[in-house]
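Asker: Sharing a structure with you now.
Just so it is clear, none of the values below were taken in a lab; they were calculated from the coordinates. Quick caveat: nothing in here was measured; it's all calculated off a predicted structure. FYI the Cβ positions are ideal-geometry reconstructions off the backbone, even for glycines, and counts take in every protein chain you see.
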Amino acid sequence: MTVNSTDPTIGRLIDGRYQVRSRIARGGMATVYLATDLRLERRVAIKIMHGHLSDDTKFKERFIQEARSAARLAHPNVVNVFDQGQDTDMAYLVMEYLPGITLRDLLQEHKKLTTEQTLDILEAVLAGLSAAHKAGIVHRDLKPENVLLADDGRIKIGDFGLARAASANTATGAALLGTIAYLSPELVTRGVADTRSDIYAVGIMTYEMLTGEQPFKGEQPMQIAYQHANDSVPTPSGKNPRVPVDLDELVLWATAREPDERPRDARAMLDEVLSIQSGLQAGTAATATQRTMVFPTAVPPGQRGTLETQILSPARRRETAPITGSVDELSARAHRRRTRGRWLIALFLVLLALVGGTAWYFGSGPGSQVIIPSSLRGTSVADARAQLEKLGLKVDSATGQHTDPTVATGEVMGTDPAIGSTIAKNAPITLIRSIGPAQLALPNVVGSPESDARRLVIKAGFVAAKTSVEQFDAKVPIDQVIDDLDANGKSLRTQSTYSEARTIQLVVSAGPLPIVNGMTVSAAEAKLSAAGLGATPGTSVYDPTVPKGDVIKIDPQTTNGAARIFQKGQNDVLLITSRGPQMVLIPNVINQTWANAKVLLKNAGFNLKYSPLADVGNGQLVTVESVDPGAGESVPKGTALTIKFNGF
């Protein structure tokens, strides 16, 4: 196990649940870490997609596909997938942790394997692959690196990152997916894969296990691809004479260039492997008990002299050897041999019965093992109980309970022993119901910089939304948090707790609104657009200080006396534009009494600001002599008039 203390992921708490301990391996798409599931207190392997791939939709879909494909399988020879999700910008997959090595590690250490070792590994790989094919899944990336050999002897297939539906007959497009050394001819030439493409990869792996090398080699990947498409795989015995003929034929069958000439799926190839194993075991027993056979030469009774015994060796080679003795002695020897042969056959049948009984006991009998299926999660207690009882397990009448952020209250969120574990039939198991998400204390983020606030949200056990709401506020510095919102956009400032793993969106200050007063409409719209706002002209009002058509200000659109809140991304900002100064017509007040003139001027829209004058002077009524500007002229509202009265 490789530990990298400089890896920032080590020590991190993912989704408030998985504590990363150390790094196990690194691949092209993701890095695998050893972690502790704090909720269920068990070690798991957590696969985290590389950060530079998180924005690539295709890679994300492939990553999620791996979780879905593997989660559909419940088989002792397939790595269990427990969970999948995303923590901020980090997509992850939680799997069963298997301490041990890969088949690639074993081949690098031992070069080639024995026939028995090869068949044992083939049996496990094909059993797991058979479950995948039965579920309609094509692995598409079988290779020694994806065959895991656990320290306790278990053999499992992992890495379903390239898996696809078997019925889809999906093409890979321009780029070939999978490792070139194990790609079938149809994948190389047409980019099409089905169950028989997996069989081809198994055949190449079988050749490599028996010979210690791959059948096709080249300095460039395209050279290897060309050989896959145009050449037939040679027999393993050409490199390793100890390989039996049956395995030669198995490799040739699995690696036939035409898909129709291969086994139709892993089940068909597994049946052949089991048949080969039985044949080889029976051949070994025959070699041990029947290595020679004695055939006495026919001679007349009573004749003595030389008799010839023909010895048939395992290589079918005949030799002669003179023996002496009577026919009676030879008959007695033959009888003893026949008796011994019958005992050996009887012993063989007893042993076969014992093996069969043991296989039944541990395969489908009381001693068989059952994998607790992941399909229990999210089902009702009654449905989960029915599933487990169908598998032959004893479900406790009492149920446990635990918080869970994703499973609805009352539904099954787990089991004890845990989902994915292997337990014996008739073993007791307890269902654990979800009581919903835990209520956690909300952190105080208002007034903090956005980056600090995000860290506080995650540390408290919540999910920080990828994007924040940017709100214009002249009183709050830029990048400082103004508010935090729940998943429905409601403010959380009045709450003290919130459900675990729920999303919190931050509202961050974008500073004051741009000033557009006195600008042309087009210039104002461009300035607001650069700030993330969409604006259009609204109402127009008279303004003697702003040229006609230009912007006076942004319409505040107040509601109940409260100023409107503006946020980036809005497209409904209205601009109040100028109609220029309001023009009024000066009424004719010449020779009118001042009392009448005042009424006429007010009605025309003039505000009267003057020094008080008596309406009557020297006993006479005061009348207007002249007005400047003159009567009948249009002037801007607010223009000052000079009025001269008669006699003054």
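Asker: In segment 625-648, whose amide N lies under 13 Å from the spot 7 Å out along Cα-to-Cβ of residue 585? List them in ranges.
Answerer: 631-635
Asker: Moving on to the next point. For the residue pair residue 634 and residue 567, what label-to-label distance in nm results when each label sits 7 Å from Cα along the Cα-to-beta-carbon direction?
Answerer: Placing both labels 7 Å beyond Cα along the Cβ direction yields 4.7 nm.
Asker: Could you list, in their original order, any pairs among 47/425; 134/217; 143/390; 156/466; 553/598; 490/568 whose Cα atoms are separated by more than 29 Å?
Answerer: Those over the limit are 47/425; 134/217; 143/390; 156/466; 553/598.
Asker: Could you give me D for segment 80-156, from Stokes-Einstein at 37 °C and 0.692 mPa s, where the hydrodynamic radius is the Kirkwood radius over C-alpha pairs? Units µm² s⁻¹, please.
Answerer: Numbers: Rh = 14.3 Å.
D, rounded to a whole number, is 229 µm²/s.
Asker: Also, I was wondering about something else. Remind me, what semi-axes does segment 179-280 give for its equivalent ellipsoid, largest first in whole Å, using sqrt of 5 times each Cα gyration tensor eigenvalue? It would help to have the intermediate numbers written out before the result.
Answerer: Numbers: eigenvalues 98, 59, 17 Å².
With the √(5λ) rule applied to segment 179-280, the semi-axes are 22, 17, 9 Å.
Asker: Let me ask another. Distance in nm between label sites at residue 645 and residue 380, each 7 Å beyond Cα in the beta-carbon direction?
Answerer: Label-label distance for residue 645 and residue 380, simple model: 9.8 nm.
Asker: Could you go through segment 392-408 in sequence order and give the Karplus-derived ³J(HN,Hα) for each residue, using 6.51 cos²θ - 1.76 cosθ + 1.60 with θ = phi - 60°, rounded to whole Hz, and x for Gly and Pro?
Answerer: Calculated HN-Hα couplings, in order: x, 9, 9, 8, 4, 5, 8, 10, x, 8, 7, 6, 7, x, 10, 9, 5 Hz.
Asker: Return, for the Cα atoms of segment 547-609, the radius of gyration and Dmax in Å, separated by a comma.
Answerer: Radius of gyration, then largest Cα-Cα span, for segment 547-609: 20.4, 63 Å.
Asker: Can I ask one more? Would you mind computing, in nm to one decimal, how far apart the modelled labels at residue 25 and residue 249 are, each placed 7 Å from Cα along Cα→Cβ?
Answerer: Calculated label separation equals 3.5 nm.
Asker: Quick one: check the C-alpha center-to-center distance for segment 514-534 versus segment 72-141, whole angstrom.
Answerer: When both Cα centres are located, 60 Å separates them.
Asker: Another one. Rule-of-thumb check for segment 371-464: C-alpha Rg over 2.2 N^0.38 Å? Please list the in-between numbers first.
Answerer: Details: Rg = 18.1 Å, N = 94, 2.2 N^0.38 = 12.4 Å.
Scaled against compact globular proteins, the figure is 1.47.
Asker: Going from the alpha-carbon gyration tensor of segment 521-578, what semi-axes, largest first and in whole Å, does one get by taking the root of 5 times each eigenvalue?
Answerer: Values: eigenvalues 76, 52, 11 Å².
So the three semi-axes of segment 521-578 are 20, 16, 7 Å.
Asker: Expressed as cubic angstrom per residue, what is the convex hull volume of the alpha carbon set of segment 439-509? Don't skip to the end; give the middle numbers.
Answerer: Details: hull volume 5.3 nm³, N = 71.
Taking the convex hull of the Cα positions in segment 439-509, it is 75 Å³ per residue.
Asker: Over segment 101-284, what lengths in whole Å, largest first, do the semi-axes of the equivalent ellipsoid take, defined as the square roots of 5 times the eigenvalues of the alpha-carbon gyration tensor? Mind dumping the intermediate values first?
Answerer: Numbers: eigenvalues 112, 69, 54 Å².
Ellipsoid half-lengths, sorted descending, are 24, 19, 16 Å.
Asker: Can you give the % of DSSP beta bridges in segment 439-509 that are antiparallel, to the nearest 5? Write down the numbers at each step before the final one.
Answerer: On the way: 9 of 14 bridges.
Within segment 439-509, antiparallel bridges account for around 65 percent of the total.
Asker: For segment 383-489, build the charge dipole from Cβ charges (+1 Lys, Arg; -1 Asp, Glu) around the Cα centre, then report which of 420, 478, 436 sits farthest towards its positive end.
Answerer: The residue sitting most towards the positive pole is 420.
Asker: Full-extension gain between residue 426 and residue 232, please, as 0.36 nm times their residue separation minus the C-alpha to C-alpha distance. It would help to have the intermediate numbers written out before the result.
Answerer: Details: separation 194, 0.36 × 194 = 69.84 nm, distance 5.00 nm.
Full extension from residue 426 to residue 232 adds 64.8 nm.
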